[in-house]
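Structure, as structure tokens:
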Amino acid sequence: ITLTVSVILRPSAGETLSRTHQRVLGTVLGGILAIVLATLFPHPLTIVLLMVPLTVVMMAVLPVNYGLFVFFLTPWIVLYKDINQPGDWNLALWRIANTLIGAALALAAIHLVLPRWERSQLPARLAASLRCNARFVQQVLDRLQEPPLAAPGPLATPAEVRLEMGNAHVSIQRFLSEKPAHRAMAVPLMAFLL
């Protein structure tokens, strides 16, 4: 349960929700696969032979999709623990139950303890990006004047502009991941970034 909570919780609510869905779905489906494999292949040597392709596939999909990783990790863990007592698939049920409890605790944490929703921070990030870009463009326009005008106020460097644009981009990605309904805003927000 503790491991599930620590793996699921992320800095933003949208990331935590996404990770929760992947963890729960991967564990439940992987648990079902583990039960099938433990029932069909109760011999220790067969279990070891099954663990090899599970390990390869599990590590191959880890950088691609966390949910797929968990899907292959769950039967690997169950089969590994099952080597001494072949045919015992109760661990799969316990893993599913513990993951569901951990996921519920993580969801409670993002709603009650650390409610950091990106939708409340997005407008400020976009405004900071606009202000920084405006300062930079004004500096460029001032330097094109004959004679060059001194730029009033704080100067914006290209690095600062890139940083603010990067912050806005990350904020938009987090916002879009919070709720499926937010995805309708994807095109206007990406147009803003461009």
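Here are some notes:
- Residue in region 109-132 that is under 15 Å from Val7 (Cα atoms) and surrounded by 15 or more Cβ atoms within 10 Å (Cβ to Cβ) present: yes
- Flag if Leu100 is open to solvent by 60 Å² or more (accessible area, probe 1.4 Å) and part of a helix (DSSP H, G or I): yes
- Residues (outside any helix (DSSP H, G or I) and in contact (Cβ under 8 Å) with a residue 12 or more places away in the chain) located in region 1-40: Ile1, Leu9, Pro11, Ser12
- For beta carbons closer than 7 Å, sequence separation of 6+ or different chains, a first residue in region 156-177 that is without any contact (Cβ under 8 Å) to a residue 24 or more places away in the chain and over 24 Å from Gly14 (Cα atoms) and a second that is open to solvent by 20 Å² or more (accessible area, probe 1.4 Å) and in a helix (DSSP H, G or I), there are no qualifying pairs.
- In region 129-177, of all residues being acidic (Asp, Glu) and closer than 26 Å to Leu189 by Cβ, the one that is modelled with the highest pLDDT corresponds to Glu164.
- Scanning region 34-48 for any residue that is modelled with pLDDT of 95 or more and open to solvent by 30 Å² or more (accessible area, probe 1.4 Å) turns up nothing.
- With respect to the conditions (1) more than 30 Å from Ser171 (Cα to Cα); (2) without any contact (Cβ under 8 Å) to a residue 24 or more places away in the chain, Val61 lacks only one, and its number is (1).
- Options Val70, Val52; residue that is modelled with pLDDT of 85 or more and either more than 27 Å from Ile1 (Cβ to Cβ) or open to solvent by 30 Å² or more (accessible area, probe 1.4 Å) (or both): Val52
The values are calculated or read from the model by the stated rules, or taken from the named source; none is laboratory data. Computed from a prediction, not measured in an experiment: that's the story for all the values here. All Cβ positions, glycine included, derive from the backbone under ideal geometry; neighbour counts span all protein chains shown. Side chains are part of the model used for accessible areas, which takes the heavy atoms of the whole protein and leaves out ligands, DNA and RNA. Shrake-Rupley method; radii C 1.70, N 1.55, O 1.52, S 1.80 Å.
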